[in-house]
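This report concerns only the one structure given below.
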Amino acid sequence: MKRVNQIYNHPLFQEKYLALQVAEKDRMFCKHTLEHLIDVARLMYIYALEHGFSIEKEMIYAMALMHDIGRIDQIEKGIPHEQAGAELCDRILPDCGFTEKETETIKASILHHRNAVNDANNPCYEMLYWADKKSRNCYACDMREACNWDEEKMNLKIEY
């Protein structure tokens, strides 16, 4: 997991991540903390194992770490966070040893993570979407009544 740790320690990742933590400090709803990112990675890994996908663990963790890092640009500049995150991949992943092909796969998954896209050529789309949603414990959230998520997206019972 050397390359994943390089992502986490990359100066640009740290800059964006720390700015996001400050921006969301008083957010009432789910925050985009390191716990969320790691929960998404672990759920993606479980999904990959259960569905027989042979996707390298480092790729899974890289997707999870990068999928919401663009949120700070959405907050500050109005850029959709999936677009901002994909652009950040070009600036961070090559420095961490990811190939052009790996970077493109990660970027494509991030660009599709807000919609349930089922693509046989890239199961990462579905994995990232699913894990991102399942990482939220809506059934135990004090803010559930005020949340703007559709109830069908909410996790209203313990499943994973």
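Given R0 = 22 Å, the distance between the Cβ atoms of ARG114 and ARG91 translates into a calculated FRET efficiency of 0.55. Based on protein heavy atoms only, the stretch 21-84 ends up with 49 Å² per residue of surface accessible to a 1.4 Å probe. Computed from backbone phi, the HN-Hα couplings of the stretch 97-107 come to x, 7, 6, 4, 5, 4, 4, 5, 5, 5, 4 Hz, rounded to whole numbers (Karplus: 6.51 cos²θ - 1.76 cosθ + 1.60, θ = phi - 60°; Gly and Pro given as x). With all pairs of separate Cα atoms included, the stretch 57-129 yields a Kirkwood hydrodynamic radius of 12.1 Å. Rounded to the nearest Hz, the phi-derived 3J(HN,Hα) couplings of the stretch 131-138 under the Karplus curve 6.51 cos²θ - 1.76 cosθ + 1.60 (θ = phi - 60°) are 5, 4, 6, 5, 6, 9, 9, 4, where x marks glycine and proline. Think of it as helices only: each DSSP H run of n ≥ 4 in the chain is worth -39500 (n - 2.57), and spread over all residues that comes to -17500 deg cm²/dmol at 222 nm. Annotation for the stretch 16-64: GluC sites (Glu not before Pro) lying in DSSP loop with at most 11 further Cβ atoms inside 10 Å of their Cβ are GLU56. The accessible surface of the stretch 88-160, taken with every protein chain in place and a 1.4 Å probe, is 41 percent carbon and sulfur. Sparsely packed loop sites in the stretch 18-89 (the chymotrypsin sites (Phe, Trp or Tyr not before Pro) outside DSSP H, G, I, E and B with at most 13 other Cβ atoms within 10 Å) comprise PHE29.
Spacing of the modelled spin labels on PHE29 and ASN122, each 7 Å from Cα toward Cβ, amounts to 2.5 nm.
The values are calculated or read from the model by the stated rules, or taken from the named source; none is laboratory data. Just so it is clear, the structure is predicted and the values come from calculations on it, not from any experiment. Note: ideal-geometry Cβ built from the backbone for every residue, glycine included; neighbour counts use all protein chains shown. When the accessible area is computed, the model is the full protein with side chains, heavy atoms only, and any ligands, DNA or RNA have been set aside. Shrake-Rupley method; radii C 1.70, N 1.55, O 1.52, S 1.80 Å.
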